[in-house]
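The values are calculated or read from the model by the stated rules, or taken from the named source; none is laboratory data. Since the structure is predicted, the reported quantities are computational estimates derived from the model, not experimental observations. Positions of Cβ are backbone-derived with ideal geometry, glycine not excepted, and every protein chain shown enters the neighbour counts. Heavy atoms of the whole protein, side chains included, go into the accessibility calculation; ligands, DNA and RNA do not. Shrake-Rupley method; radii C 1.70, N 1.55, O 1.52, S 1.80 Å.
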Amino acid sequence: MTTIQKQLQAQPRNMRYVLTLTVIIIALFAWSLAAVNLKDINQSGLKIAQNIITGILNPDLNLLLSVSKQSVLYLLLETVAIAFLGTIVGAILSVPLAFLAASNIVPKPVAWLTRLLLIFIRTIPALVYGLMFIRVSGPGPFSGVMTIGITSVGMLSKLYVDAIEELDTKVLESMTSIGCTTFEKIRYGILPQLMSLFLSVTVYRFDMNMREASILGLVGAGGIGAPLIFAMNGYKWNQVGAILIGLVILILIIEWISNKLRTKLVKG
């Protein structure tokens, strides 16, 4: 018997824990299956599913390849612009909030209050923010940009805070000993170390925001979501197929580019 086998046999086997966990998982799975209702699936539903698949396989090439303001290319460009500008807004707002939430930079009461604010921001779904901004500024891309910006703050600030709190505190201590202010410590001692990580996280958030921007169009916040829901409501499945194909291709391209950029930023 090898040493590894002896060590494995020597480890305590908590069968009761494993059995309890297995029973809980099986019970949750069975409870989830109880919510599945197949009674509403009828011949009409199957026909609609068939039409959707047929539309995707036979897309409207004129809508997909033309360059008018109603074309897929123009709408995808608008969606990219909403996601990009919204990510920039969110990244700019997240930097000061992240430093205010970092307990190794500011007093703990200030950090705690800022974190509470960030939790509140993350709690509200993007569609709710979209509906709120549409009421304030009206439907259109501007509402989408502001929605993407606010929803990005919650995630970006959290990841920024984690990076800030993992910094080597010796740098801050040395700058404190020579009389540097808090702003000087952030500007000259912290930001140069964090810039590549901040950019990497921001690129990752832009990748996520592309999907968010597509969905926000459903509530009138610009982008390709609104034409998609209109085409679905009008049973124009060939237009739905054209929009979905363009959206999938765009997201795959952006994901490939973002992965390359993040690898370059992290590894240098």
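Per residue of the stretch 54-66, in order, report the coupling 6.51 cos²θ - 1.76 cosθ + 1.60 (Karplus, θ = phi - 60°) as ³J(HN,Hα) in whole Hz, putting x for Gly and Pro.
With coefficients 6.51, -1.76 and 1.60, one gets 5, x, 5, 7, 10, x, 6, 5, 5, 5, 6, 10, 6 Hz.
For a test of understanding, tell me how many lysine pairs in the chain have Cα atoms under 30 Å apart, given they are 8 or more places apart or on different chains.
So the count works out to 17.
Kirkwood hydrodynamic radius, computed over distinct alpha-carbon pairs, for the chain: how many Å, to one decimal?
So the Kirkwood estimate lands at 22.5 Å.
Using the beta-carbon distance between Glu173 and Arg211 and R0 = 45 Å, what value does 1/(1 + (r/R0)^6) give for FRET efficiency, to the nearest 0.05?
0.60
How big is the accessible area of Tyr17 in square angstrom, nearest 10, if you roll a 1.4 angstrom probe over the protein chains?
140 Å²
Over the chain, average the accessible area per residue using a 1.4 Å probe and give it in Å², no decimals.
I get 63 Å² per residue for the chain.
What FRET efficiency do you get for Ile124 and Arg187 if R0 is 35 Å and r is their Cβ-Cβ distance, rounded to the nearest 0.05?
The computed FRET efficiency comes out at 0.65.
What FRET efficiency do you get for Asp162 and Leu65 if R0 is 41 Å and r is their Cβ-Cβ distance, rounded to the nearest 0.05?
Step by step, r from the Cβ atoms, then E = 0.40.
Binned at 5 Å from 0, what are the whole-percent values of the Cα-Cα distance distribution for the stretch 54-192, short to long?
2, 10, 14, 15, 13, 11, 10, 8, 6, 5, 3, 2, 1, 0, 0
May I ask you to list the residues of the stretch 238-253 whose amide nitrogen lies under 16 Å from a point 7 Å from Cα along the Cα→beta-carbon direction of Asn51?
Within reach of a label on Asn51, which here means backbone N under 16 Å from a point 7 Å along Cα→Cβ, the stretch 238-253 contributes 238-242.
What length, rounded to one decimal in nm, is gained on full extension from Lys264 through to Leu131, with 0.36 nm per residue of separation minus their alpha-carbon distance?
Between Lys264 and Leu131, full extension yields 44.2 nm more.
Accessible area of Ile24, 1.4 Å probe, to the nearest 10 Å²?
90 Å²
Identify, among Leu117, Trp237, Gly86, the residue whose Cα sits farthest towards the positive end of the charge dipole of the chain, taking +1 on the Cβ of Lys and Arg and -1 on the Cβ of Asp and Glu, with the dipole about the Cα centre.
Farthest towards the positive end: Leu117.
Given N residues in the stretch 122-268, what is its alpha carbon radius of gyration divided by 2.2 N^0.38 Å?
1.37
Ignoring ligands, DNA and RNA, what percent of the accessible area of the stretch 146-268 is carbon or sulfur (1.4 Å)?
65 percent
Sorted by mean Cβ packing within 10 Å, highest first, what order do the peptides 188-195, 127-134 take?
The densest-packed peptide leads the list: 127-134, 188-195.
For the stretch 193-268 and the stretch 95-132, what is the separation of their C-alpha centers, rounded to whole Å?
A separation of 25 Å, based on Cα centres.
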